[in-house]
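The values are calculated or read from the model by the stated rules, or taken from the named source; none is laboratory data. Note that the coordinates shown come from a computational prediction; the quantities given were computed from them, not determined experimentally. Virtual Cβ from ideal backbone geometry, glycine too; neighbours counted across all protein chains shown. All accessible areas refer to the heavy atoms of the entire protein, side chains included, with ligands and DNA or RNA removed. Shrake-Rupley method; radii C 1.70, N 1.55, O 1.52, S 1.80 Å.
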Amino acid sequence: MAISDTGVRQGAAYHRNLSVMATVTGLAALAAALHVFTPLNHDEAFLIEGAGRLLDGGRFGVDIIDLNPPHVWWISAVPVWLARQIGVRADIAATIFTALMAAVSLLTCDGLIEATSPAGLTRRAVVPIAAILVLFFPGYDFGQREHWALLLTLPYVVARSRRITGTTISNTAGFAIGITACLGFCIKPYFLLVPISLEIWLLARTRRPFVWVSPETIAMTITGFVYFGLIVIYVPSYLKRDVPNLLLGYWANQSPLPEVMFWAIIWLAPAGALALFGYLTHPQGEPTSALAQAFAVAGTAYLVAALAHTGGASYHFLPSVVFFVLSALVLLIAGMPQRIGAIAVLIAIGFFLPSAAEAVITFAGGGPTALINQLAAVFRANPGPNRTVAGFITAPIDVFPAVIASEMKWADPFCCYLIAAAARVDEARAADRPAIWAAGLNQAEMVIAAVRTKKPGVIVIDAHDHMMGFGKRKFDYVEWLDAHTDFVSILADYHEINPITHYRIFVRK
């Protein structure tokens with residue numbers, strides 16, 4: 001009987017794991033199929049285009065000048081390389097790559113959640129709902145840097161929660177989790193608050209001074225030092241020249257803290273209310289799940305990181321929203337097991353429908369799809385001698401997804417947000433103004449040099465009334481460039497056609 005009972009339990013566990021695996025795989029495939037037919041996120045398109053330059057022999061500091069750390073470009077090169085091997089467009093490969101990253105992350109978490117924990121008893125709800133959150137809730141921001149950070153660090157947060165009870169994780173799994181977590185936390189310096197916060201929480205909970213010594217933390221630390229060494233050796237210009245120069249104008253893209261706080265409340269209110277409800281309904285006297293606490297700590301740290309970033313974009317809050325919802329989910333499951341089905345359905349509907357609606361509208365031709373298709377059509381029709389596109393824009397919105405869709409190349413090594421800082425130089429500290437002005441002018445000259453060399457078929461100039469980086473100031477690129485450079489002489493080789501919304505389009509004669 002004992003052997004038979006053991007076999008039955010093992011068989012049941014196997015089927016539960018198989019059902020979770022099938023669910024996660026199916027949802028990942030559905031997400032990939034859905035996002036293949038929707039516009040690629042603009043920042044992801046920027047990275048994918050630049051990664052292609054790296055594969056063609058491009059160099060940091062020359063062909064790519066950007067604040068994003070080098071490893072983000074190296075990771076982005078993987079789907080571009082795969083796309084070239086199998087003969088598909090880079091955006092399709094990038095979408096599948098992100099969906100695969102999500103599936104591996106979720107299945108790793110499924111293996112880490114202890115079968116004896118409250119969450120483990122209902123893993124068939126926790127992991128699939130987490131899959132819905134990370135695969136569909138991001139919507140247009142699928143593949144954004146914050147989305148990648150969430151996927152790469154999710155298993156690490158679950159792994160650290162297991163250290164509360166002193167349970168072990170295999171060294172192989174721990175090292176793999178630590179390496180990938182380092183890649184996620186290093187995407188933006190603010191994200192380092194997350195592992196620091198988790199270690200402080202663990203120390204407070206366990207009172208074990210060396211609780212931080214584990215395969216995942218050791219691997220994360222070693223990977224961090226190795227990565228920094230690689231930058232110093234192979235990409236010294238990133239630290240010595242690119243970062244200092246680009247930071248001169250970074251303030252122009254930041255939002256006032258009150259505005260960021262407002263958007264934080266808007267985006268986090270549903271998740272916060274759900275987490276509060278889970279906490280209030282948790283049975284008194286029962287210990288709070290370590291997994292729920294770890295998710296809450298990670299969500300709080302990611303929230304602080306988003307506020308420190310002072311960007312205010314919705315995707316900056318993506319990791320914190322997801323971690324708070326996962327914390328609430330675990331609390332709700334532990335507190336009201338008899339209602340788990342209803343809770344799971346409500347959470348799924350509440351977070352899936354808005355993103356699904358956005359995707360349907362986008363697929364139907366609304367949102368940015370029509371604009372991107374128009375731009376891509378012009379790019380294809382006017383490839384120039386080198387199949388390149390150039391432009392004066394402060395953000396990659398619309399333009400870079402169109403570059404990828406048209407399978408053209410971007411002629412410049414960057415976008416032009418330093419010009420925005422130069423236009424607002426009177427708002428900067430007096431001591432920084434000469435350097436900011438020089439950096440903006442140098443950036444303009446570099447774009448003009450790229451136009452001379454690569455002879456792009458199309459030049460795109462943003463002429464929106466309120467462009468990113470310029471605050472509330474109206475700004476005319478052509479007028480400014482004419483006053484400070486010889487750009488107008490370059491335009492002699494181009495003729496202007498009808499604008500596409502707020503973009504002026506110059507086509508090579």
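Looking at PHE191 and the list (1) under 27 Å from the mean Cα position of the chain (by Cα); (2) surrounded by fewer than 17 Cβ atoms within 10 Å (Cβ to Cβ); (3) in contact (Cβ under 8 Å) with a residue 60 or more places away in the chain, which single condition is not satisfied?
Every listed condition holds for PHE191 apart from (2).
Within region 61-84, count every residue that is in contact (Cβ under 8 Å) with a residue 40 or more places away in the chain and more than 17 Å from ARG145 (Cβ to Cβ).
Matching residues across region 61-84 total 4.
In region 449-488, which residues are farther than 20 Å from ALA395 by Cβ and of a type in the set (Val, Ile, Thr)?
Residues satisfying the conditions are THR453, THR485, VAL488.
Out of all the residues in region 456-467, is one or more out of contact with any Gly (no Cβ under 9 Å at 6 or more places or on another chain), among the small types (Gly, Ala, Ser) and over 24 Å from VAL378 (Cα atoms)?
no
Which residue pairs have Cβ atoms closer than 6 Å, lie 6 or more positions apart in sequence or on different chains, and pair a first residue in region 475-503 that is in contact (Cβ under 8 Å) with a residue 12 or more places away in the chain with a second residue that is open to solvent by 60 Å² or more (accessible area, probe 1.4 Å) and assigned to a helix (DSSP H, G or I)?
ILE500/GLN374
Residues that are modelled with pLDDT under 85 and among the hydroxyl-bearing types (Ser, Thr, Tyr), at least 3 per element: which helices (runs of 4 or more DSSP H) completely within region 1-119 meet that?
Answer list for region 1-119: 2-36.
Out of all the residues in region 460-474, which are in contact (Cβ under 8 Å) with a residue 40 or more places away in the chain and surrounded by 13 or more Cβ atoms within 10 Å (Cβ to Cβ)?
VAL460, ILE461, ASP462, ALA463, MET467, MET468, GLY469, PHE470, GLY471
Check ARG124 against each of (1) open to solvent by 10 Å² or more (accessible area, probe 1.4 Å); (2) part of a helix (DSSP H, G or I); (3) modelled with pLDDT of 90 or more and name the one condition it does not meet.
Just one mismatch for ARG124, condition (3).
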